[in-house]
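To start, the structure itself, in structure tokens.
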């Protein structure tokens, strides 16, 4: 008998801003929908361990998608996307999970993302609280300027270099095999996507004047940040959570910027209690 993973992959067509995007996603489990957003320049493979975790999939329908232009989600054929520089904006990024949830007929899913996905969780809580029952921001904060740099598209800056920068954001105690798997995925991204995603990360995402308007009576907000994350530090995430009435923050000891892929076994120890609270408190 073949040994098969539980997750199944397929494509859904999302129309955003009048453009159709053939978008790849993988899913596993049944129950409360749980949408998973990957980090900048990467793809949904970062979530493979959650898709196979029976403790999660018995209560949640876990859906990990590749953003347009990332992973198996090829650029659209109906526009000359190569004629202008790729830049990921807040409005477009918010529309991806919103449109995906609508097309898959998901009823108020839970949203979880890391890095740009963690920032996105907070933007969704601020601007679209009615669409989600809870958001989980991994490595998220109100504002992280300084990452959107021309150097990321310099012809002598390779995908290998970008990947090794990411290696430095992980915990030194995370298993080497998973740390190298994480940067392997980074080394395969289309070159423009990393810098373009950082436009959202370092420029277009700015909630400094908006955190007090997030209403956790409408959408629960959880924030978890790894001890070794030098990009979005635990202190920065905690300071952000402190300005959101009702938000809950946890520092994840022994983890870095990619908790779900660099050390999935340790990460689930922090995640499972959060998911249990969502099941009991936010249905």
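The values are calculated or read from the model by the stated rules, or taken from the named source; none is laboratory data. If you're wondering where the values come from, they're calculated on a predicted model, not measured in any experiment. Cβ atoms come from the backbone with ideal geometry, glycine included; neighbour counts cover every protein chain shown.
Name the residue that is surrounded by the fewest Cβ atoms within 10 Å (Cβ to Cβ), counting only residues in region 158-181 that are in contact (Cβ under 8 Å) with a residue 60 or more places away in the chain and over 18 Å from residue 49 (Cβ atoms).
168
Please count how many residues of region 199-235 are out of contact with any strand residue (DSSP E or B) (no Cβ under 8 Å at 6 or more places or on another chain) and surrounded by fewer than 23 Cβ atoms within 10 Å (Cβ to Cβ). Step through it out loud before you land on a result.
The first filter runs over region 199-235 and keeps only residues out of contact with any strand residue (DSSP E or B) (no Cβ under 8 Å at 6 or more places or on another chain), leaving 199-213, 215-218, 228-231, 235.
This time we only want the ones that are surrounded by fewer than 23 Cβ atoms within 10 Å (Cβ to Cβ), so: 199, 202-204, 206, 208-213, 215-218, 228, 230-231, 235.
Going through region 199-235 one residue at a time, the tally reaches 19.
Looking at (1) under 25 Å from residue 73 (Cβ atoms); (2) assigned to a helix (DSSP H, G or I); (3) modelled with pLDDT under 95, which one does residue 280 not meet, given that it meets all the others?
Result: residue 280 fails condition (1) only.
Quick one: residue 33 ticks every box in (1) touching a residue at least 12 places away in the same chain (Cβ under 8 Å); (2) over 26 Å from residue 184 (Cα atoms); (3) part of a loop (DSSP other than H, G, I, E, B) bar one, so which box is it?
With (1) touching a residue at least 12 places away in the same chain (Cβ under 8 Å); (2) over 26 Å from residue 184 (Cα atoms); (3) part of a loop (DSSP other than H, G, I, E, B) applied to residue 33, the lone miss is (3).
Restricting to region 89-100, count the residues that are within 15 Å of the chain's Cα centre (by Cα), under 20 Å from residue 13 (Cβ atoms) and in contact (Cβ under 8 Å) with a residue 60 or more places away in the chain.
6
Tell me, yes or no, whether region 62-69 has at least one residue that is in contact (Cβ under 8 Å) with a residue 12 or more places away in the chain, out of contact with any strand residue (DSSP E or B) (no Cβ under 6 Å at 6 or more places or on another chain) and part of a helix (DSSP H, G or I).
Looking for residues that are in contact (Cβ under 8 Å) with a residue 12 or more places away in the chain, out of contact with any strand residue (DSSP E or B) (no Cβ under 6 Å at 6 or more places or on another chain) and part of a helix (DSSP H, G or I), one finds none in region 62-69, hence no.
Kindly list the number of the only condition in (1) in contact with a helix residue (DSSP H, G or I) (Cβ under 7 Å, 6 or more places away or on another chain); (2) surrounded by fewer than 23 Cβ atoms within 10 Å (Cβ to Cβ); (3) closer than 18 Å to residue 50 by Cβ that fails for residue 247.
Only one criterion in (1) in contact with a helix residue (DSSP H, G or I) (Cβ under 7 Å, 6 or more places away or on another chain); (2) surrounded by fewer than 23 Cβ atoms within 10 Å (Cβ to Cβ); (3) closer than 18 Å to residue 50 by Cβ is unmet by residue 247, namely (3).
State yes or no: is residue 144 part of a loop (DSSP other than H, G, I, E, B) and either in contact with a strand residue (DSSP E or B) (Cβ under 7 Å, 6 or more places away or on another chain) or surrounded by fewer than 20 Cβ atoms within 10 Å (Cβ to Cβ) (or both)?
Working: part of a loop (DSSP other than H, G, I, E, B): yes; either in contact with a strand residue (DSSP E or B) (Cβ under 7 Å, 6 or more places away or on another chain) or surrounded by fewer than 20 Cβ atoms within 10 Å (Cβ to Cβ) (or both): no.
It is false that residue 144 is part of a loop (DSSP other than H, G, I, E, B) and either in contact with a strand residue (DSSP E or B) (Cβ under 7 Å, 6 or more places away or on another chain) or surrounded by fewer than 20 Cβ atoms within 10 Å (Cβ to Cβ) (or both).
With respect to residue 101, is the statement that it is within 16 Å of residue 221 (Cα to Cα) and not in a loop (DSSP other than H, G, I, E, B) true?
Answer is no for this residue.
In the list 86, 65, 69, which residue meets the criterion of being more than 14 Å from the chain's Cα centre (by Cα) and over 22 Å from residue 206 (Cα atoms)?
69
Can you tell me which residues in region 74-87 are closer than 13 Å to residue 19 by Cβ and touching a residue at least 60 places away in the same chain (Cβ under 8 Å)?
Matches in region 74-87: 79 only.
Considering region 209-223 alone, what residues qualify as being farther than 10 Å from residue 129 by Cβ, assigned to a loop (DSSP other than H, G, I, E, B) and in contact with a helix residue (DSSP H, G or I) (Cβ under 9 Å, 6 or more places away or on another chain)?
Residue satisfying the conditions is 210 alone.
Would a scan of region 39-51 turn up a residue that is more than 29 Å from residue 144 (Cβ to Cβ) and either touching a strand residue (DSSP E or B) at 6+ places or on another chain (Cβ under 7 Å) or part of a strand (DSSP E or B) (or both)? First the steps, then the outcome.
Residues of region 39-51 that are more than 29 Å from residue 144 (Cβ to Cβ), as a first pass: none.
No - not one qualifying residue is present in region 39-51.
Scan region 1-16 residue by residue and report those that are exposed (fewer than 10 other Cβ atoms within 10 Å of the Cβ) and assigned to a loop (DSSP other than H, G, I, E, B).
Residues satisfying the conditions are 1, 2, 3, 4.
Only one of these is at pLDDT 95 or above, farther than 26 Å from residue 22 by Cα and in contact with a helix residue (DSSP H, G or I) (Cβ under 9 Å, 6 or more places away or on another chain): 138, 124, 93, 106. Name it.
So the residue among 138, 124, 93, 106 that is at pLDDT 95 or above, farther than 26 Å from residue 22 by Cα and in contact with a helix residue (DSSP H, G or I) (Cβ under 9 Å, 6 or more places away or on another chain) is 138.
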